[in-house]
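Following: one structure in structure tokens, then a few remarks.
The values are calculated or read from the model by the stated rules, or taken from the named source; none is laboratory data. Keep in mind that this is a model prediction, so the values were computed, not measured. With ideal geometry, Cβ positions are generated from the backbone for all residues, glycine too; neighbour counts draw on all protein chains shown. Only protein heavy atoms, including side chains, enter the accessible area calculation; ligands, DNA and RNA are left aside. Shrake-Rupley method; radii C 1.70, N 1.55, O 1.52, S 1.80 Å.
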Amino acid sequence: LYLSLLVGLPVAAVISQSADHSFWSVVTAPHTRSVLEFTVAVALAAAVIDAVTGVAIAWVLVRDDFPGKRVVNALIDLPFALPTIVAGLVLLSLYGPNSPVGVNVAGTRLAVLFALLFVTLPFVTRAVQPVLLTLERDVEEAAACLGAKPWTIFRRIILPAIMPATNPGASLAFARALGEFGSVVLISGNLPRTEIASQVIFQDVENGAPQAAAAIGVVLLAMALLVFLVLAALTHRNAARHG
């Protein structure tokens with residue numbers, strides 16, 4: 001009942017509001033199609049980068065000891081705690097026209113990717129960390145004694161163990177990036193070439209076109225649901241293969 005009230009009914013309301021004769025004309029309009037293509041592409045790029053860097057960060061936090069490790073470990077969760085609009089302001093201050101590091105990407109598609117990478121940073125790292133903590137080191141040491149190189153050990157022993165955690169983390173990052181708004185709106189400059197789907201939804205609502213906004217929202221919901229269904233199928237298949 002709680003899930004229905006909190007999630008089911010709002011989703012049903014959005015779908016109902018979008019279900020009219022203008023649905024296909026909205027989602028197939030050239031501007032909407034271009035925005036959706038860019039949104040999916042940049043969200044996918046963020047998820048792939050997160051999958052690689054998230055595993056690397058988790059590895060360092062679990063396997064290495066260094067000064068300030070607790071501080072770094074706490075910083076991983078900062079994007080979860082920080083309001084996204086504040087994240088956008090921070091990124092604009094660092095990578096905007098008055099950048100203290102001399103890097104100005106404001107108003108570019110690269111800026112959108114930076115913003116999405118910031119807000120999706122914790123997903124893969126926090127998913128992989130517990131798995132790395134539970135891995136037995138004896139198998140890795142035995143492989144090393146038999147002459148296996150570090151890359152071979154990682155590819156043949158560690159990677160298969162962490163993939164069931166990496167894939168859900170990357171999928172959550174992709175879904176989060178699809179619907180991100182606050183961190184993007186400032187640094188992207190709200191330009192046509194940098195618009196993502198959530199910005200178009202906001203503009204449609206502001207311009208008195210809630211049906212158009214709902215139509216785009218349904219497309220994003222369908223994409224996220226498809227990713228989760230594919231992931232569930234792959235996880236079930238993998239479990240059946242090794243079960």
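For region 69-175, the solvent-accessible area works out to 55 Å² per residue, with a probe of 1.4 Å and every protein chain left in place. Out of ALA197, ALA111, ALA41, any idea which swings most in a Gaussian network model of the chain, alpha carbons joined below 10 Å? Result for the chain, Cα springs under 10 Å: ALA41 fluctuates most. For the residues TRP24, TRP59, a 1.4 Å probe over the protein chains yields an accessible-area ranking, largest first, of TRP24, TRP59. To the nearest 10 degrees, how steep is helix 84-95 against the longest Cα principal axis of the chain, on a 0 to 90 scale? Long axis of 84-95 versus the principal axis of the chain: about 80 degrees.
Per-residue Karplus couplings for region 168-178, computed as 6.51 cos²θ - 1.76 cosθ + 1.60 with θ equal to phi - 60°, are listed in order as x, x, 5, 5, 5, 5, 4, 5, 5, 5, 4 Hz, Gly and Pro entered as x. A Stokes-Einstein calculation at 25 °C with viscosity 0.890 mPa s, built on the Kirkwood radius of region 129-243 over Cα pairs, returns a diffusion coefficient of 139 µm²/s.
Overall, the chain carries a charge dipole of about 480 debye about its Cα centre when +1 sits on the Cβ of Lys and Arg and -1 on the Cβ of Asp and Glu, all other atoms neutral.
Hey, in the GNM for the chain with a 10 angstrom Cα cutoff, which one of SER22, SER93, SER171 fluctuates hardest? Among SER22, SER93, SER171, the largest mean-square fluctuation in the Gaussian network model of the chain belongs to SER22. 3J(HN,Hα) along region 196-204: 10, 4, 5, 5, 5, 4, 4, 5, 5 Hz, from the Karplus curve 6.51 cos²θ - 1.76 cosθ + 1.60 with θ = phi - 60°, whole Hz, x for Gly and Pro. When both region 153-176 and region 1-55 are represented by their alpha-carbon centers, they are found 23 Å apart.
Given only helices, namely DSSP H runs of n ≥ 4 each adding -39500 (n - 2.57), what is the per-residue ellipticity at 222 nm of the chain, to the nearest 500 deg cm²/dmol?
-24000 deg cm²/dmol
Surface composition of region 36-106: carbon plus sulfur atoms hold 69% of the accessible area, using a 1.4 angstrom probe and ignoring ligands, DNA and RNA. With contacts taken as Cα pairs under 8 Å and at least 6 residues apart, the chain reaches a relative contact order of 32 percent.
Relative to the longest principal axis of the Cα atoms of the chain, the long axis of helix 210-242 lies at roughly 20 degrees.
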